[in-house]
Amino acid sequence: HDWLTGWSKLPGGAPEAHKARAILADILPQGLAFTRIAHELEWAESEARLAGIAQRKLDLPIRDLGGAPFLDALRDAHRHYGEALGLPHPAHERDQVSDSLEDFLDALRTYVVRVTAHVDRDDPATIALAEQLLAPLTGGPRRAGSPA
């Protein structure tokens, strides 16, 4: 992430900066937020991102930017992390979980976008409503009487 971010900040419209921004937007649209979820879900997110890199042949531009050692180290660390967690599950289970997880994440992203789209910064009521609707996702305050 930091390595690609560094490339993305090159000034003057450098083609490498454009390439790095495109890769970041594709594989890390929300940055590293997925690394703060449950370990098995984090691993599944990482697995999906690594599969996306391979499917969309993003390893080629990553390697063009000198990222081969990073990509190799990431794949190796991911494999060891999965082994430590007792993952991966058999391919058919993994595919079902990955599909379900991807559907869930798409629905969650859509929900967040729709909630935030209705916020008017000049209207405190819309801000309060958005905060209330997003509280379960952000760890924000809960209403009195709601379960912890």
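For this structure, a couple of remarks:
- Helices (runs of 4 or more DSSP H) contained in the range 1-119 and holding at least 2 residues of a type in the set (S, T, N, Q): 2-8, 39-55, 91-117
- Picking from residues in the range 1-21 that are small (Gly, Ala, Ser) and free of Cβ contacts under 8 Å to residues at least 40 places away in the same chain, the one that is nearest to residue 69 (Cα to Cα) is 6.
- The range 97-125 residues that are over 13 Å from residue 45 (Cβ atoms), paired with ones that are hydroxyl-bearing (Ser, Thr, Tyr) and surrounded by 10 or more Cβ atoms within 10 Å (Cβ to Cβ) (beta carbon under 7 Å, 6 or more apart): 118/126; 119/126; 120/126
- Leading residue by the ranking (farthest from residue 138 (Cα to Cα)) among those in the range 91-113 that are exposed (fewer than 11 other Cβ atoms within 10 Å of the Cβ) and at pLDDT 80 or above: 103
- Of the residues making up the range 9-17, none is of a type outside the set (Gly, Ala, Ser) and crowded, with 16+ Cβ neighbours inside 10 Å.
- Scanning the range 22-60 for residues that are buried (at least 16 other Cβ atoms within 10 Å of the Cβ), touching a residue at least 24 places away in the same chain (Cβ under 8 Å) and farther than 19 Å from residue 86 by Cβ yields a total of 4.
- Flag for residue 81 being under 30 Å from residue 136 (Cβ atoms) and touching a residue at least 24 places away in the same chain (Cβ under 8 Å): yes
- Yes/no for residue 49 being over 18 Å from residue 102 (Cβ atoms) and not assigned by TED's automatic domain parsing to the domain that holds residue 102: no
The values are calculated or read from the model by the stated rules, or taken from the named source; none is laboratory data. Note that this is a predicted model, so its numbers are computed, not measured. Note that each Cβ is placed from the backbone with ideal geometry, even for glycine, and that neighbours are counted across all protein chains shown.
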